[in-house]
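The structure appears below as structure tokens.
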Amino acid sequence: MGSRADLHTHSTFSDGVLTPTELIELAYNHGVRVMSLSDHDTTQGLPEAFAAAARHPEFMLIPGIEMSTDIPGSEVHILGHFIDWKDERFERELVILRKSRLGRAHKMVERLTELGKPVAWERVESFAGEGAVGRPHIARALVEAGHVATVSEAFDLYLSRTGPAYVERERLTPIEVVEMLISVEGLPTIAHPRDLDNLEELLTKLKAAGLVGMEVYYQDYTPDEVERLRALADKIGLIPLGGSDYHGFGGHHQREPGDIPLPDEPVERLLALARERGALERV
Ligand code: AMP
Ligand code: ZN
Ligand code: FE
Ligand code: FE
């Protein structure tokens with residue numbers, strides 16, 4: 001049995017493999033009735049997503065985004081739900097982030113050439129399509145070129161944070177991103193926090209900046225891990241949310257849309273907060 005809500009998904013507008021329309025049809029068929037499209041550093045899939053969602057009157061689409069940030073030694077991803085995605089200043093900032101993704105991807109492709117594992121830039125471009133380019137697109141080019149067998153192996157051997165072809169992104173801190181999301185009336189949630197060091201300290205700081213939620217129900221998180229994160233969310237005063245982070249490229253971590261044990265109650269709390277802040281009109 002899947003969950004009624006899935007607050008974290010990706011489409012072809014970033015590194016997912018399904019179009020927003022295909023994604024919503026799949027989620028709907030899995031019983032999802034509240035979904036957020038949360039592509040990396042872009043909201044450009046939202047017009048298509050809203051059009052697709054409108055075909056199912058009882059289906060609620062929450063406008064969302066996932067933004068990457070860095071802390072010393074690791075990466076923190078922040079989801080923004082209910083953002084005012086039509087804000088022009090916000091879009092200008094996202095354009096800058098997407099340009100920096102492009103420059104970084106070029107550098108990673110150069111590194112791969114130096115490592116004797118060349119991929120054609122045109123192939124990366126083609127996998128990215130009109131979406132925000134990311135490491136999964138380079139991973140797919142590596143698979144296609146026969147340098148690795150799977151996307152996972154591409155990350156393990158070359159593209160992970162400690163891999164030889166990894167190039168750092170332009171740095172935004174988690175606090176800066178939380179503030180950016182708040183400035184467009186978004187409700188910020190920290191994504192997949194299980195493996196972060198000093199999590200409690202980070203959450204305390206981000207909560208003061210406006211963080212409202214934490215992903216607790218996520219992919220392969222075990223019941224014990226869920227319980228630990230849920231207790232921490234309670235302690236800090238964050239809503240325990242979750243999502244599948246569906247990308248559609250398979251792999252053993254991947255879950256289908258809605259295939260996470262996210263209860264209705266925290267989702268209702270998120271919706272109530274959105275209503276309180278006047279953001280519910282954006283669904
Ligand atoms: P980027 O946004 O370019 O830094 O790429 C990050 C994305 O790569 C994540 O959102 C995941 O979709 C994907 N990713 C990260 N690590 C792995 C991995 N080990 N295997 C497969 N995909 C991964
Ligand atoms: Zn991704
Ligand atoms: Fe993420
Ligand atoms: Fe994600």
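Points to keep in mind about this one:
- Filtering segment 110-117 for residues that are modelled with pLDDT of 95 or more, buried (at least 17 other Cβ atoms within 10 Å of the Cβ) and assigned to a loop (DSSP other than H, G, I, E, B) leaves a non-empty set.
- Out of Pro63, Pro57, sole residue that is buried (at least 18 other Cβ atoms within 10 Å of the Cβ) and within 23 Å of Gly258 (Cβ to Cβ): Pro63
- Filter result for Gly251 (within 17 Å of the chain's Cα centre (by Cα), surrounded by 15 or more Cβ atoms within 10 Å (Cβ to Cβ) and assigned to a loop (DSSP other than H, G, I, E, B)): no
- Screening Arg55 with (1) assigned to a loop (DSSP other than H, G, I, E, B); (2) touching a residue at least 60 places away in the same chain (Cβ under 8 Å) gives one miss only, at (2).
- Inclusion of Glu168 among residues that are surrounded by fewer than 23 Cβ atoms within 10 Å (Cβ to Cβ), under 18 Å from Ile71 (Cα atoms) and away from ligand 1 (no atom under 15 Å from the Cβ) is not warranted.
- Pairs where the first residue, in segment 244-259, is over 14 Å from Thr150 (Cβ atoms) and the second is charged (D, E, K, R) and not in a loop (DSSP other than H, G, I, E, B), C-beta under 7 Å, 6+ apart: Ser244/Asp6; Pro257/Asp6; Gly258/Asp6
- Residues of segment 193-228 that are crowded, with 18+ Cβ neighbours inside 10 Å and either outside the structural domain of Glu66 (by TED's automatic domain parsing) or touching a Lys or Arg at 6+ places or on another chain (Cβ under 7 Å) (or both): Val216, Gln219, Tyr221.
- Matching residues in segment 188-225 - criterion: being within 16 Å of ligand 1 (Cβ to nearest atom) and among the hydrophobic types (A, V, I, L, M, F, W, C): Ile190, Ala191, Leu196
The values are calculated or read from the model by the stated rules, or taken from the named source; none is laboratory data. Everything numeric in this text was worked out from a predicted model, so none of it was measured. No Cβ is skipped: glycine too gets one built from the backbone with ideal geometry, and neighbour counts run over all protein chains shown.
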